[in-house]
Each structure stands twice: as C-alpha cells, then as structure tokens.
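The values are calculated or read from the model by the stated rules, or taken from the named source; none is laboratory data. Values in this document were obtained by computation on a predicted structure and should not be read as measured data. Positions of Cβ are backbone-derived with ideal geometry, glycine not excepted, and every protein chain shown enters the neighbour counts. With ligands, DNA and RNA removed, areas are computed over all heavy atoms of the protein, side chains included. Shrake-Rupley method; radii C 1.70, N 1.55, O 1.52, S 1.80 Å.
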There are 2 protein chains.
Amino acid sequence: MSGIVQCVPNFSVGRDKKTLEKILDKIREKDVKLLDYSMDKDHNRSVVTFIGQPEEVIEAAFDAAKKAAEVIDMSTHQGEHPRMGATDVIPLIPISGITTEECIELSKKLGARIGEELGISVYLYEKSASSDRRRNLADVRRGQYEGMKEKLISEGWKPDYGPKELNVKAGVTAVGARTPLVAYNINLDTNNLDIANKIAKSIRAKGGGFTYCKAIGIEITERDIVQVSINMTDYTKTPLFRVFDTVVREAERYGVNVIGSEIIGLVPMNALIDSADYYLRLEEFDKGQILEKRMAE
Amino acid sequence: MSGIVQCVPNFSVGRDKKTLEKILDKIREKDVKLLDYSMDKDHNRSVVTFIGQPEEVIEAAFDAAKKAAEVIDMSTHQGEHPRMGATDVIPLIPISGITTEECIELSKKLGARIGEELGISVYLYEKSASSDRRRNLADVRRGQYEGMKEKLISEGWKPDYGPKELNVKAGVTAVGARTPLVAYNINLDTNNLDIANKIAKSIRAKGGGFTYCKAIGIEITERDIVQVSINMTDYTKTPLFRVFDTVVREAERYGVNVIGSEIIGLVPMNALIDSADYYLRLEEFDKGQILEKRMAE
C-alpha cells in the first residue's frame, strides 16, 4: 500500500508539555512528518497532526499510543472535553494516492495491534465502524472514561479489538478512517446574525442542504460582521465551490454580499484544485499535470 | 540555494532513441526527477523535462550537455526545427522556493561551465540575456548552426561564455532563466475563426491585451469549434483566471459561449491555486496551509 495518510490523534494531556513531548518523540522517531500539535489546558487534551506513508503512519500511531498508555493515567484525568482514553481517538485520513477503503484497512490493522499488544479496548468509528451506531464518535464516547467499565460489557458495545475489561490506566481508544475535514468560513457584509444563521441552515445537511456540510452562523464582533462557519466533512463529494456559490446566492436574497472566505488550518491541495477546475471550466484536466504532484510520485 | 528548478533542455536528436537514451542516462544518474521527454522525427529534436534542487539540476544539465556533445554531430544534422547546437537550448525555470534572480545566477554558472569545460560557445538568453537583442531565442538562433561560424565573430555577437570559434561538432548552446510557461486553450461554441482571432487579439500583449499573454485563434475541425490558443508567459503576473474571465466577456460580445478551457502539459500548482483563491475570494490564505506544500518543505 502506498500514498499519503494523515493521522490526527488526540491525547488526554493538555497541561504538561513534558508528557506530551514524550509522546511526540515517538512520532518524530518514525519516517513521518509532524505537521502540527496544540495543547488545550481547559480541555486537558492535545491534538497532533502528522502525515506519511501508510505503514510508517501506523507504526508512529502505535508507538505514540503505547507511550501515552505509559505516561497518562486516565484514572486521575480531569478536563472539559469529552474523553475516554489516554489516546482518545486516532483518525486516519486519505490525502493522496490512497483510498478511503485502504485507510479503513489500515485502521483495522492499527486497532488490532492496540487491542492485542497493549491490552486496550478499541472501538472502530466513522468509515471503519462495524455498525451504524458506532459511526459517530459522540455515540462511541458517550459515558466517557467513567462510564466505560459498564459500557464495554453492555449489549451491543463489545469492543472491536482488545479486552472487554477496562484498562483502568489507558481507558478506551477509538480508531477509524475519515475523510479530510476542511474548516471553511464565509464572511458576510452585515452584522445581522439572523441572516448568517438562515444561510447556514440552508446549506447544512441537517437543514436540507449539502450532505457533507455542517454550518452555523457566528458573530465576528471585532470586524462587526457575521460569518457562516462551515465544516466540510467530505470535500470530494460536497465541493467548496458549490457551497461558496450557494452562499453568494442565498446572501443576495437578503441584499447581503459575501466579503470573502477563509480556510482555517490545513487543506488538501485537491480541495482547491477542484475549485480552479470548476471556475476555469477545465476539460479533461488530469491532476498528474500538476508539477508538484508529478514530483511527489 | 534551495527550492525547485525545472529544466527543459532541447537536444538535436530526434530519430535515434539510443542516442537520446545515452543523454537521458546522464540525467537519471543525478538526484533529479525526469518528468517527461519527447522525440520529434521531422524536427530531429528532443525536448526533455526534469526537475530538482538547484545544484543537482545544474549538474544534470551539464552532464547531459557533455554527453550530447559526444554523441551528436551537428556537422551532419538535418531537421525542420531551427537549431544551432547539439544541446540547443537549456531553459531554467523557477518552480517553488526559488526566485527568477537565483535562476539567472544558476544559468550563468551553467553557461560558464559549458563554455570553459566543454569548449562550447554559449549565449545567455531570456531573463539571463546580457543585452536586449539576446533576450529572444529566435534572435539568438537566427542563422542557425550553418551561420554560427560567422555570427560568433560578428559585431555584438561575442558569446557570453566559451570560444569565439565554432565548436564544429557541438555547435552553440543558449542558456537562460525563464518563467514557467503555461499552455492554455479556451474553447468557444462557434466554428467562426474570425471570432477566435478577434478575441485572441484583444487579450494578447501585442494587441494591447495582457502583458504576459500570447494568443492566436485556431480551428478544431474534429469538434467543429474554434479555440483561443494561449501561451501564458508569466502566470504570476498575468493570472489564468483574469484571461479566462476576459475571454468569457469578450465572447459574450459576439453572442458566443465558452465551452471550457484546457491546460496542455505540466502546470505549476500555484497557477491553479491562484484561481481558486480568486474565485473563492479567500482572505489571508497562505499556501503553507496546503498539506502537500507543507509536506514538501
């Protein structure tokens, strides 16, 4: 298996840099690229982003989970963010040259190793979920660490890998493939939050809008404007340009203009190339024509 | 010096694969990526594309020019395309993380080595040209191989590097930095060539249009349409989206629609990202947010 996989594990450590560093070192030891990490004191939680070839990513994620089980003790952990394990969740995201199906396969391999070699209960979630009720991370994590002892032995919640008995120190880990999420905001030239909310409702899946789009209206007080704040949960199926164009049209309905849009954090190149392809009406364009893509092959 | 440079040398061999292979092998030996090569029998000429770090690209280009001087004999060369040397021309193109100025510096280094170590006369051209009359390759090459003996000793045509006496076997080589050229065509839903020509004239520099745009109208007989066939000579200054939008508007003037556009061959990622940035009205977008870009760093 080849291609590039992104891994964004969340660890239940957010107040002790030294502890996080021990975990990060395990990732740095492998032939993967550590792109980003952030600690949140209130959440007592860290989010780490790295990227690389499939096998190396799995190795790095496993080593990091092993280290987290050594240096974090869930039985004394407190924090505002819902959590159930020292390594709380490990999403695997196909970036290029690899399919979601292959990432599902990888997630199962990783889950099995964490279950068997580390003795930690693992639930597969999102695209890797073994049943619909396990697809949503919020459902998997419901009850949090404190409720996991009961959950693991309850009807329908047998872990996909690892013991049915709670690993008291390490807790439970969710592993799964998911599509890359793009955090995308569209700014309006009004401070009327009601309008942003109405537009958000019109584009989000729950409001009857686009399937892979979550959206809310928020106020940007420092600029005295409102924003449609969007999570694009699968840009390959609901593309950025379609959401953007729809927001422009919906805003017109209220006599409002779109000032601009923002991409927050990292974005896969294809999410933007698709927009260029659309607006330039490209015929038979092959992404292999992109110099940087050809180089990376 | 770091970054990525593209090199597109043209060799005067187009009918003998074995001879070209000997030259290609010299490029393959270096830590550069051979992206493409094509031979043309009528032209008796090959175009090779490779890419890599500055120093490695220079080494590969030098080794290839050295081998070409061994395996090609210009004194017996015939072909339809204008040519003056076994290695006819070596363009160096900044792709990412490197400036045009740095590529000019590289071209001078390469030209000096070819002149001194191989005893081949070298003219710097395009961005590297030592005078305006040497900027255009057609001017530098005028007279072709057969006229070079005289040209090298004529007023104003002293070579930038190497001997004033013609190297009879290897001929003369042009070396220079140029911006990446994007071959870009826009298709119209009419078979009226006159309209394509009028639009081409309106957008090209010579007709009063965009500075870094060359364009002509051509017929695509198999589809019964016409096309505005464009060379974007510096997409960083004249972007694709501006030319596309202008062609859409100009076409409207004749009651004609744009069916689509085509990118021929390789294109730098930024040429497309710029279009996405424009149409999505991105605010404060940094190309470092692109996953693939971050990875390549």
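Report, in degrees rounded to the nearest 10, the 0 to 90 angle that the Cα long axis of helix A:193-203 makes with the longest principal axis of chain A.
Approximately 80 degrees, to the nearest 10.
If the only charges are +1 at each Lys and Arg Cβ and -1 at each Asp and Glu Cβ, what is the size of the charge dipole of the range A:81-235 around the Cα centre, to the nearest 20 debye?
It works out to roughly 340 debye.
What does the copy distance list look like for A:Thr99, label position 7 Å along Cα→Cβ, in nm and ordered from shortest?
4.8
Order these peptides, B:208-220, A:211-223, by their mean beta-carbon neighbour count within 10 angstrom, highest first.
B:208-220, A:211-223
For the range A:1-55, what relative contact order do you get, as a whole percent, if you take Cα pairs closer than 8 Å and at least 6 residues apart?
52 percent
Per residue of A:264-277, how many C-beta atoms from partner chains lie within 10 Å of its own C-beta, taken as a mean?
So the per-residue partner count for this stretch is 6.
Quick one: dipole size for chain B, taken about the Cα centre, charges +1 on Lys/Arg Cβ and -1 on Asp/Glu Cβ, in debye to the nearest 20.
700 debye
What's the average, rounded to a whole number, of partner chain beta-carbon atoms within 10 Å of each residue's beta-carbon in A:244-254?
For this peptide, the per-residue mean of nearby foreign Cβ atoms is 1.
Between B:Ala112 and B:Arg281, 0.36 nm times their residue separation minus their Cα-Cα distance comes to what?
Full extension from B:Ala112 to B:Arg281 adds 56.3 nm.
Based on alpha-carbon positions alone, could you give the equivalent ellipsoid semi-axes of the protein assembly as shown from the gyration tensor, as √(5λ), descending, whole Å?
Semi-axes from the Cα gyration tensor: 54, 32, 19 Å.
Roughly how many nanometres apart are two label points built 7 Å out from the Cα toward the Cβ at B:Ser131 and B:Asp224?
5.5 nm
State, to one decimal in nm, how far the label point of A:Arg253 lies from the label point of B:Arg242, with both points 7 Å from Cα in the Cβ direction.
So the label points at A:Arg253 and B:Arg242 sit 3.5 nm apart.
Which ³J(HN,Hα) values in Hz, rounded to whole numbers, follow from the phi angles of the range B:284-290 under the Karplus curve 6.51 cos²θ - 1.76 cosθ + 1.60, where θ = phi - 60° and Gly and Pro get x?
Listing the rounded values in order: 6, 7, 10, 4, x, 7, 7 Hz.
In Å², and per residue, what accessible area does the range B:105-237 have when probed at 1.4 Å with the other protein chains present?
Result: 48 Å² of accessible area for each residue.
Could you tell me the largest-minus-smallest coordinate of the C-alpha atoms of the range A:1-152 on each of the three principal axes, in descending order and whole angstroms?
Computed over the Cα atoms, the extents are 40, 36, 26 Å.
How large is the helix-only mean residue ellipticity at 222 nm for the protein assembly as shown, computed as the sum of -39500 (n - 2.57) over DSSP H runs with n ≥ 4, divided by its residue count, in deg cm²/dmol to the nearest 500?
-11000 deg cm²/dmol
At a Cα cut-off below 17 Å, give the lysines reachable from A:Lys17, other chains included and same-chain residues fewer than 8 away excluded.
Straight-line reach from A:Lys17, under 17 Å: A:Lys26, A:Lys41, A:Lys67.
Could you please tell me the mean projected area of the C-alpha convex hull for the range B:100-160, averaged over all directions and given in square nanometres to one decimal?
That works out to 4.1 nm².
I need the phi-derived Karplus couplings for the range A:56-68: 6.51 cos²θ - 1.76 cosθ + 1.60, θ = phi - 60°, integer Hz, Gly and Pro marked x.
So the J values, rounded to whole Hz, are 5, 5, 5, 4, 5, 5, 5, 4, 5, 5, 5, 5, 4.
Under a straight-distance cross-link criterion of Cα-Cα below 22 Å, which lysines are reachable from B:Lys151, leaving out those fewer than 8 residues away in the same chain?
Here the lysines satisfying the reach criterion relative to B:Lys151 are B:Lys108, B:Lys127, B:Lys164, B:Lys169.
Rounded to a whole number, what % of the accessible area of the protein assembly as shown do carbon and sulfur atoms account for, probe 1.4 Å?
For the protein assembly as shown, the apolar C and S fraction of the accessible surface comes to 44 percent.
Quick one: helix A:100-118 against the long Cα principal axis of chain A, what's the angle to the nearest 10°, folded into 0 to 90?
Roughly 30 degrees, rounded to the nearest 10.
If we hang a label 7 Å off Cα along the beta carbon direction at A:Glu165, how far is it from the matching labels on the other copies, in nm, shortest first?
Its label point is 9.3 nm from the equivalent points in the other copies.
With no solvent and one point on each alpha carbon, what is the Debye value of log10 I(q)/I(0) for the range A:132-195 at q = 0.12, 0.28, 0.29 Å⁻¹?
The computed values of log10 I(q)/I(0) come out as -0.48, -1.35, -1.41.
How much net charge surrounds A:Lys201 when only other residues with a Cβ under 15 Å from its Cβ are counted (Lys, Arg +1; Asp, Glu -1)?
+4
Quickly work out the A:Glu55-to-A:Asp73 label distance, labels modelled 7 Å from Cα along the C-beta direction, and quote it in nm with one decimal.
3.9 nm
Which listed residue (B:His81, B:Val8, B:Asn191) has the Cα farthest towards the positive end of the charge dipole for chain B, taking +1 on Lys and Arg C-beta and -1 on Asp and Glu C-beta about the Cα centre?
Positive-most Cα among the choices belongs to B:His81.
Do you know which residues of the range A:72-102 lose at least 20 square angstrom of accessible area in the protein assembly compared with their chain on its own, with a 1.4 angstrom probe?
Correct list: A:Ile95.
Need one value for B:281-288: mean number of C-beta atoms belonging to other chains within 10 Å of its residues' C-beta atoms.
5
Calculate the length of the line joining the C-alpha centroid of the range B:232-297 to that of the range A:114-190, in whole Å.
41 Å
With +1 on each Lys and Arg Cβ and -1 on each Asp and Glu Cβ, how big is the dipole of the protein assembly as shown about its Cα centre, in debye rounded to the nearest 20?
Charge dipole, the protein assembly as shown, about its Cα centre: 80 debye, nearest 20.
If you put a point 7 Å past Cα along the Cβ direction, how far is that point for B:Met1 from the same point in each other copy, in nm, smallest first?
4.2
Rounded to the nearest 100 Å², what is the sum over both chains of accessible area buried where A meets B, with a probe of 1.4 Å?
Heavy-atom accessible area buried at this interface is about 3900 Å².
May I ask you to derive the relative contact order of chain A, considering only C-alpha pairs under 8 Å and at least 6 residues apart, and to give it as an integer percent?
Relative CO of chain A lands at 15 percent.
In the Gaussian network model of chain A, springs joining C-alpha atoms below 10 Å, which of A:Thr236, A:Thr179, A:Thr87 carries the largest mean-square fluctuation?
Evaluated over chain A, the most mobile residue of the options is A:Thr236.
Cα to Cα, under 16 Å, and not fewer than 8 places away if on the same chain: which lysines meet these conditions relative to B:Lys33?
A:Lys293
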